[in-house]
1. Using 1/(1 + (r/R0)^6) with R0 = 30 angstrom and r between the beta carbons of Asn175 and Thr46, what's the FRET efficiency to the nearest 0.05?
2. If you take every residue apart from Ala113 with its C-beta less than 15 Å away from the C-beta of Ala113, what net charge results, scoring Lys and Arg +1 and Asp and Glu -1?
3. To the nearest 20 debye, what charge dipole does the chain have about its Cα centre, counting +1 at the Cβ of each Lys and Arg and -1 at the Cβ of each Asp and Glu?
4. If I ignore ligands, DNA and RNA and count only protein heavy atoms, how much of Asp82 is accessible to a 1.4 Å probe, in Å² to the nearest 10?
5. What lysines does Lys133 reach when the alpha-carbon gap must be under 21 Å and sequence neighbours fewer than 8 apart in one chain are set aside?
6. Can you give the helix-only mean residue ellipticity at 222 nm for the chain, where every DSSP H stretch with n ≥ 4 adds -39500 (n - 2.57) and the sum goes over all residues, rounded to the nearest 500 deg cm²/dmol?
7. I want to verify a result. In a Gaussian network model of the chain, Cα cutoff 10 Å, which of these has the top mean-square fluctuation: Lys44, Lys133, Lys54?
8. Kindly report, to the nearest 10 Å², the accessible surface of Arg130 as traced by a 1.4 Å probe over protein heavy atoms only.
Amino acid sequence: LCSHMKTSSNVRERLAVAASQLFYTDGITACGVDKVIRRAKTSKPTLYSHYRSKSELVVAALNFQHQTRRQALDDYLSQRQDQSPQQRLLAVFDWLENWSSQQGIRGCAFLNAAAELVSPRDEPARQVIRQHKEWWQSLLADLAQKAGATNPGQLADELLLLIDGVNARVLVTGNARSVSSARRVALLLLHDSQTLSSELQSTELHANDEEAPAT
């Protein structure tokens, strides 16, 4: 029984991995399940014993993409614990450049999927897409707060716009050169936020000095 369950789990994961690769390179609409079956080296009855429809397979593929991206970036940042908070925030763009040039030449799998998944039956997949972007937002806000940003949430919004823009440029141009430009803009945005934070702290200190009673 344990052996059967393990084999079943392996087949299910193999299908999700194959689908995530093919949906990314070929597009979700253009890639039929027969191609996924061939890549996963299984059969159509086996596929439908694990996923009742292509829509369910799309959800599984996007979840696999999310876990893969999250693990890769978490590992990358964990190797940079000795860097300053500012360097760790900017390291996100270093990771993005490496990933885009090596694996992500078609840009963001989630933005690409969102453009294709427009039917009401695609809502479960769109929920995965939203959760992926919410994870990005949370990660960037945490890094921004540690780097001394005045409004970490706002800076995270701005940085995520940069990242999504880079992914669109990579998809169009077929190269990752635009990431270095985005990194420079990210540094400017961070400096602006840090400067504002310093100015606010200075203003508060002066206000406290003026309110302090004379001795």
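1. Plugging the Cβ-Cβ distance into 1/(1 + (r/R0)^6) gives 0.20.
2. Taking every Cβ under 15 Å from that of Ala113, the sum is +1.
3. Taking the Cα centre of the chain as origin, the dipole is about 1880 debye.
4. 140
5. Straight-distance partners of Lys133: Lys146.
6. Values: 9 runs with 171 residues, N = 215.
Taken over the chain, the calculation gives -27000 deg cm²/dmol.
7. Lys44
8. 100
The values are calculated or read from the model by the stated rules, or taken from the named source; none is laboratory data. Just so you know, these numbers come straight off a predicted model, no measurement behind them. So basically every Cβ, Gly included, is an ideal-geometry build from the backbone, and we count neighbours across all protein chains shown. These accessible areas exclude ligands, DNA and RNA; they are computed on the full protein's heavy atoms, side chains included. Shrake-Rupley method; radii C 1.70, N 1.55, O 1.52, S 1.80 Å.
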